[in-house]
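Below is one structure, written out as structure tokens; the observations come after it.
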Amino acid sequence: MAKHNYAAGPCVLPQDVFKKAAEAVLDLDGIGLSVLEISHRSKEFIAVMEKAQSLVKEILSVPEGYSVLFLQGGASLQFLMVPFNLLNTNGKAAYIETGAWAKKAYKEAAALGNAEVLASSADKNYNYIPKGFEVPKGLDYLHITTNNTIYGTQFKEYPTTDGLLIADMSSDIFSQKIDISKFDLIYAGAQKNLGPAGTTLVIVKDEILAKTDRKIPSMLDYQIHAKADSMFNTPPVFSIYVAMLNLEHMKAQGGIEAIQKHNEEKAAMLYNEIDKNPLFVGTAELEDRSNMNVCFLLTDESKKEAFDKAWAAAEISGIKGHRSVGGYRASIYNALTKESVQALVDTMAKLA
Ligand SMILES: *Cc1c(COP(=O)(O)O)cnc(C)c1O
């Protein structure tokens with residue numbers, strides 16, 4: 001039995017979203033059909049897609065001139081779609097290497113064209129966000145990973161470029177207010193703060209599309225997906241439906257300001273305990289600490305067995321650290337409650 005789900009992704013979603021999703025599997029809004037069997041061309045699903053898109057725009061205050069797409073292939077396919085659509089054959093892209101995901105994104109671009117790593121925190125196992133680097137002029141785009149899920153670091157200020165600014169926001173989208181207008185394209189696998197795995201959110205400035213000299217395969221072409229309203233082929237109907245339910249939930253919670261405040265309070269609870277408890281130490285540089293993924297180690301390895309037993313007994317799951325960092329990682333996404341954070345804080349305090 002696990003009551004407090006700290007998994008890094010797929011992760012916790014609100015209970016009332018699960019309930020509504022379960023009802024819709026049997027009967028969608030009383031129409032007598034399951035959400036799993038309706039046509040993606042039906043008026044019911046078109047309404048779901050439109051609602052999901054408009055809620056994304058409303059919650060994140062997306063300015064005019066951007067399209068909201070629900071695609072497939074995860075954030076990992078975006079690693080390839082971004083250079084295919086935005087890196088000219090004679091152009092250049094730059095990447096800030098802040099972890100394994102950023103490195104994978106860079107690898108896809110480098111396989112396709114001219115891409116460089118502009119700054120990296122690999123020297124300290126990605127426990128900080130590089131700063132003070134100079135961004136060269138004339139880039140096609142600069143790519144950043146705003147929150148580094150594995151290492152628990154997060155950009156607090158975004159770099160600027162005279163090229164396009166592209167961000168992988170898989171693990172911190174919808175966690176805080178962001179100024180979308182600073183970005184030309186944002187992508188995020190749904191399974192961290194938005195919904196179940198299966199769909200990928202893309203927010204793209206329309207005017208940047210159809211500008212490269214590359215021939216783009218249809219399924220990789222943002223413009224084709226935008227023109228078809230994310231229905232170029234059969235979209236992941238259920239994932240988008242559940243994401244829509246979660247977006248409704250976010251709105252009902254008070255929108256992004258309320259969500260951000262809740263997340264900051266939860267992160268403060270946990271970091272306070274890590275900092276005052278002599279048995280624990282955080283792995284990320286203080287100023288770069290993530291509000292979504294909190295990574296920490298035991299200072300005394302002989303306590304490992306006792307701690308592992310204690311958190312399991314407290315009905316906590318999913319806090320084992322990623323193998324490349326070790327220790328523990330508590331992912332405190334939107335739907336994780338303060339009560340759950342308190343359960344972990346209490347368990348850590350009792351150990352000391
Ligand atoms: C989880 C994650 C990914 C990978 O997402 P997929 O949807 O599994 O491809 C990419 N980037 C970041 C920052 C992530 O946290």
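So, in Å, what gap is there between the alpha-carbon centers of region 124-145 and region 189-222?
The distance from the Cα centre of region 124-145 to that of region 189-222 comes to 22 Å.
FRET efficiency for Asn88 and Tyr158, Cβ-Cβ distance as r, R0 = 22 Å, nearest 0.05?
It comes out at approximately 0.40.
Have a look at the chain and give its Rg and Dmax from the Cα atoms, expressed in angstrom.
Looking at the chain, its Cα Rg and Dmax stand at 20.7, 61 Å.
Under unit Cβ charges (Lys, Arg +1; Asp, Glu -1), what dipole magnitude, rounded to 20 debye, does region 282-325 have relative to its Cα centre?
For this selection, approximately 180 debye.
Could you tally up the Lys pairs in region 255-351 with alpha carbons closer than 15 Å? Skip any pair fewer than 8 positions apart unless they're on separate chains.
Lysine pairs, 8 or more places apart or on different chains, close enough: 9.
Given labels modelled 7 Å from the Cα in the Cβ direction, how far is it in nm from Met231 to Lys137?
The answer from the label model is 4.7 nm.
Could you tell me the distance between the Cα centroids of region 300-348 and region 98-123, to the nearest Å?
31 Å
Quick one: which residues, 5+ away or cross-chain, put their amide H under 5 Å from the amide H of Lys320? H built at 1.01 Å from N.
Arg329
Could you give the size of the charge dipole of region 15-252 about its Cα centre, using +1 on the Cβ of each K and R and -1 on the Cβ of each D and E, expressed in debye and rounded to the nearest 20? List each step's numbers first, then the result.
Working: 23 positive and 27 negative charges, 74 e Å.
So the magnitude is around 360 debye.
If we sort 215-221, 242-248, 342-348, 15-21 on the protection proxy, mean other Cβ atoms within 10 Å, highest first, what's the order?
Ranked by mean Cβ neighbours within 10 Å, highest first: 242-248, 342-348, 15-21, 215-221.
Working out 0.36 nm times the residue gap between Lys215 and Lys43, then minus their Cα-Cα distance, what length gain in nm do you get to one decimal? Spell out each step's value before the answer.
Numbers: separation 172, 0.36 × 172 = 61.92 nm, distance 3.38 nm.
Answer, rounded to one decimal: 58.5 nm.
What full-extension length gain, to one decimal in nm, is calculated for Lys309 and Ala258 as 0.36 nm per residue of separation minus the Cα-Cα distance?
14.9 nm
Express the accessible area of region 15-252 per residue in Å², computed with a 1.4 Å probe while the remaining protein chains stay in the model.
Ligands and nucleic acids excluded, the result is 42 Å² per residue.
Picking from Thr145, Thr161, Thr98, which is most flexible by a Gaussian network model of the chain using Cα springs under 10 Å?
Evaluated over the chain, the most mobile residue of the options is Thr161.
The values are calculated or read from the model by the stated rules, or taken from the named source; none is laboratory data. Nothing here was measured: the structure is a model prediction, and the numbers come from that model. All Cβ positions, even for glycine, are placed from backbone atoms using ideal geometry, and neighbour counts span all protein chains on display. Just the protein is used for accessible areas: all its heavy atoms, side chains included, with ligands, DNA and RNA removed. Shrake-Rupley method; radii C 1.70, N 1.55, O 1.52, S 1.80 Å.
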